[in-house]
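Quick notes on the structure that follows.
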Amino acid sequence: MTVVTLKATPVELTRELPGRTVPFLVADVRPQATGIVRARLFREGAAVRAGQALYQLDDTLYRAQFESARAALAKAEAANEVARLAARRADELVRTHAISAQDHDNAVAAERQAAAEVDAEKAALETSRVNLDYTRITSPITGRIGKSAVTAGALVIANQTAPLATVQQLDPMYVEVSQASSEWLRLKEDVDAGRLQPGGAGSRVTVLLEDGRRYAEDGRLEFADVTVDTGTGSFAVRAVVPNPQETLLPGMYVRAVLRQGTRPAGLLVPQVAVVRDPKGGASAFVVGDDGKVAVRPVVVSLAIGDRWLVESGLKSGERVVVEGLQKIRPGDLVQPSEAAQAGAAGK
């Protein structure tokens, strides 16, 4: 018969939850000017940079409006110069009483009006320049662009509802999962009672791919929603995961292993040592200091590898039977041998 001596050690509690990958940033590309698409300047599915030109619209009308506004500004500046010189002459003439004070005031007011016209034409020129720039549609963010919804020759409308394309930043990537509010309450009770040291924001998150393989990069917990979904009784949890090779794509099904906290004095018992009765109750055979076997009802919660986390019924230093359970009864006097893996039992 073989036993394992239990030892209390810090135990990291994890929870594996299903989720989906979500882009870190998503931006729809929409036109801010109306016109005909003259050219598409990117390759669908390629990486693009923020500010990179994606579409060129026919800018003939906008360029003409820009040139007209520039000419209007030049005209206003010339008129302003004339008004300025007239106001300076009026300043000299009014001192010698060659003109009336009213004429002088009119000249000064005309100068101010001409200066205001210059400011107005500068604003009009800037507006036309912005509208001209809008004919070259650029990427709002750095990322990977999807398929184009339009081709050369298509008419697009300023601020239209339908996007021309969508750019998504894939590195890093969000992994969003849902956690039951009842589980969160249990964890909170453990934390409040001092039985658990919380992981919290920034704790490490392991991602498992659809085929069960572990993803190469670990993420970190960033956000937990403060509102519980009334339909599912769960709330959203989000992790940020590096994605330098773009292995993760938006919408992929993954499983996230969250670090929920650390049990400072956790006790792990091998699963083979726990026996269940027809009603589902759990018990374990324990060998006392006097060498006698006793059966002990136990409460276990999480499965961690090939061991159970003990909530009650066993304590550190006790010896539980892991082999030869069929040959013993409560009260038997035995001489057990320690299992070779006893040192790992409490880790």
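Report yes if LEU325 is closer than 23 Å to MET1 by Cβ, modelled with pLDDT under 90, touching a strand residue (DSSP E or B) at 6+ places or on another chain (Cβ under 7 Å) and not assigned by TED's automatic domain parsing to the domain that holds GLU210, otherwise no. Criteria met by LEU325. Being surrounded by 17 or more Cβ atoms within 10 Å (Cβ to Cβ) and among the charged types (D, E, K, R) is the filter here, so list the residues in segment 256-277 that pass it. Within segment 256-277, ARG259, ARG263 qualify.
Residues in segment 1-18 that are closer than 30 Å to PHE223 by Cβ and either of a type outside the set (Ser, Thr, Tyr) or modelled with pLDDT of 95 or more (or both) were compared, and the one that is surrounded by the most Cβ atoms within 10 Å (Cβ to Cβ) is VAL11.
Within this structure, ASP171 passes the test of being outside any loop (DSSP other than H, G, I, E, B), assigned by TED's automatic domain parsing to the domain that holds ASP229 and among the charged types (D, E, K, R). Residues that are over 11 Å from the mean Cα position of the chain (by Cα) and under 26 Å from ARG15 (Cβ atoms) within segment 166-180 comprise VAL177, SER178, GLN179, ALA180, listed in sequence order.
Quick grid of which residues meet (1) modelled with pLDDT of 90 or more; (2) in contact with a Leu (Cβ under 8 Å, 6 or more places away or on another chain); (3) not basic (Lys, Arg):
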site: GLY146; (1), (2), (3): yes, no, yes
site: GLN160; (1), (2), (3): yes, no, yes
site: GLN169; (1), (2), (3): yes, yes, yes
site: LEU187; (1), (2), (3): no, yes, yes
site: GLN197; (1), (2), (3): no, no, yes
site: GLY202; (1), (2), (3): no, yes, yes
site: GLU222; (1), (2), (3): no, no, yes
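There is no residue in segment 78-101 that is in contact with a helix residue (DSSP H, G or I) (Cβ under 9 Å, 6 or more places away or on another chain), at pLDDT below 90 and within 30 Å of VAL257 (Cβ to Cβ). Considering (1) without any contact (Cβ under 8 Å) to a residue 24 or more places away in the chain; (2) more than 38 Å from the chain's Cα centre (by Cα), the lone condition that ALA273 does not fulfil carries the number (1).
Hey, any hits in segment 91-105 for a residue that's assigned to a helix (DSSP H, G or I) and touching a residue at least 24 places away in the same chain (Cβ under 8 Å)? Within segment 91-105 (the criterion being assigned to a helix (DSSP H, G or I) and touching a residue at least 24 places away in the same chain (Cβ under 8 Å)), the answer is no, since none of the residues qualifies.
The single condition from (1) surrounded by fewer than 17 Cβ atoms within 10 Å (Cβ to Cβ); (2) on the phi > 0 side of the Ramachandran plot; (3) not in a loop (DSSP other than H, G, I, E, B) that ALA294 fails is (2).
Taking the conditions exactly as written (over 30 Å from ARG112 (Cα atoms) and either assigned by TED's automatic domain parsing to the domain that holds VAL293 or surrounded by fewer than 15 Cβ atoms within 10 Å (Cβ to Cβ) (or both)), does GLU81 satisfy them or not? Spelling it out, it is not the case that GLU81 is over 30 Å from ARG112 (Cα atoms) and either assigned by TED's automatic domain parsing to the domain that holds VAL293 or surrounded by fewer than 15 Cβ atoms within 10 Å (Cβ to Cβ) (or both). Restricting segment 115-150 to residues that are among the charged types (D, E, K, R) and farther than 25 Å from ARG30 by Cβ leaves a set whose member that is surrounded by the fewest Cβ atoms within 10 Å (Cβ to Cβ) is ASP119.
Entry remark, segment 117-150: residues being more than 16 Å from PRO23 (Cβ to Cβ) and in contact (Cβ under 8 Å) with a residue 24 or more places away in the chain number 19 in total. Applying the criterion of being over 21 Å from GLY261 (Cβ atoms) and surrounded by 14 or more Cβ atoms within 10 Å (Cβ to Cβ) to the residues of segment 297-313, the residue that is modelled with the highest pLDDT is VAL298.
Screening THR21, THR60, THR34 for residues that are of a type in the set (S, T, N, Q) and within 30 Å of GLY219 (Cβ to Cβ) leaves exactly one candidate, THR21.
The values are calculated or read from the model by the stated rules, or taken from the named source; none is laboratory data. Bear in mind the structure is a predicted one, so any value in this text is a computation, not a measurement. Every residue, glycine as well, gets a Cβ built from its backbone with ideal geometry; the counts of neighbours run over all protein chains shown.
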